[in-house]
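One structure is given here, and the rest of the page talks about it.
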Amino acid sequence: MLIAVRGEKNSGKTAFIEKLIERLRGYRIIVIKSSEHATVDIHGKDTSRYREAGAEAAMIVAEKETAIFLSSMQLSKAIKLARKFMPDLIVVEGYKKVESLGCRVIDVEDVEHEKVIEEIVKEIEKAGKEYPFSLMERSCLLTDLWRK
């Protein structure tokens, strides 16, 4: 399932998504966040230097988190990449133009948060019951990747 959450700055997008994620604990969720910054990697650090030298991607693995740095990509390509992880839900946050994605668009300023969260939870729970084999496949294929 793919949803897009949008709203003005400080409108409650992050709080809405946090509540949704908390309510879906146990499900696999990926959030694709738009940034107003030109880059998130730090110029001069190893990961940045590797990509400047020509690496397609650079990964940094720390004790508690891992980051993958890639060249900038369109939202549609970011969604395709996210789908490779076989999540139950992909949340797109902070993009203004999302109608072309063909997904549910949630304008956080115009909805009752708890009601919308419950609707999404029911849809995801229903999808899990309708496609139990895909859930089992995901469990087998991605156990190591998602293991904490």
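The numbers here are math on the coordinates, done by the rules we state, and not lab data. This structure is a prediction, so every number in the text was calculated from the model and none was measured. Note: ideal-geometry Cβ built from the backbone for every residue, glycine included; neighbour counts use all protein chains shown.
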**Prompt:** Zone of residue 21 (label point 7 Å along Cα→Cβ, backbone N under 14 Å): which residues in segment 101-125?
**Reply:** none
**Excluding exposed DSSP-loop GluC sites (Glu not before Pro) (at most 11 other C-beta within 10 Å), longest clean stretch of the chain** = 66-111
**Message:** Quick check: residue separation of residue 111 and residue 49 times 0.36 nm, minus the Cα distance between them. What number comes out in nm?
**Reply:** 17.9 nm
**Prompt:** How much mean residue ellipticity at 222 nm does the chain get from its helices, if each DSSP H run of length 4 or more adds -39500 (n - 2.57) and you divide by all residues, to the nearest 500 deg cm²/dmol?
**Reply:** -12500 deg cm²/dmol
**Message:** Compute the angle between helix 113-130 and the longest alpha-carbon principal axis of the chain, please, reported from 0 to 90 degrees and rounded to the nearest 10.
**Reply:** 90 degrees
**Asked** Could you state the per residue volume, in Å³, of the convex hull enclosing the Cα atoms of segment 75-125?
**Response** 87 Å³
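Mind pulling up the Rg/Rh value for the chain? Radius of gyration and Kirkwood radius, both on Cα. All intermediate terms of the calculation are to be shown ahead of the outcome.
On the way: Rg = 16.9 Å, Rh = 17.1 Å.
Result: Rg/Rh = 0.98.
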**Message:** Students often get this wrong, so check it: of 77/97; 33/97; 33/84; 33/77; 64/122; 19/96, which have C-alpha atoms separated by over 24 Å?
**Reply:** 64/122
**Complete:** Most fluctuating of 78, 15, 62 in the GNM of the chain (C-alpha, under 10 Å) is 62
**Request:** Quick one: which residues, 5 or more positions from residue 31 or on another chain, have an amide H under 5 Å from its amide H? H modelled 1.01 Å from N in the peptide plane, none for Pro or chain starts.
**Result:** 91
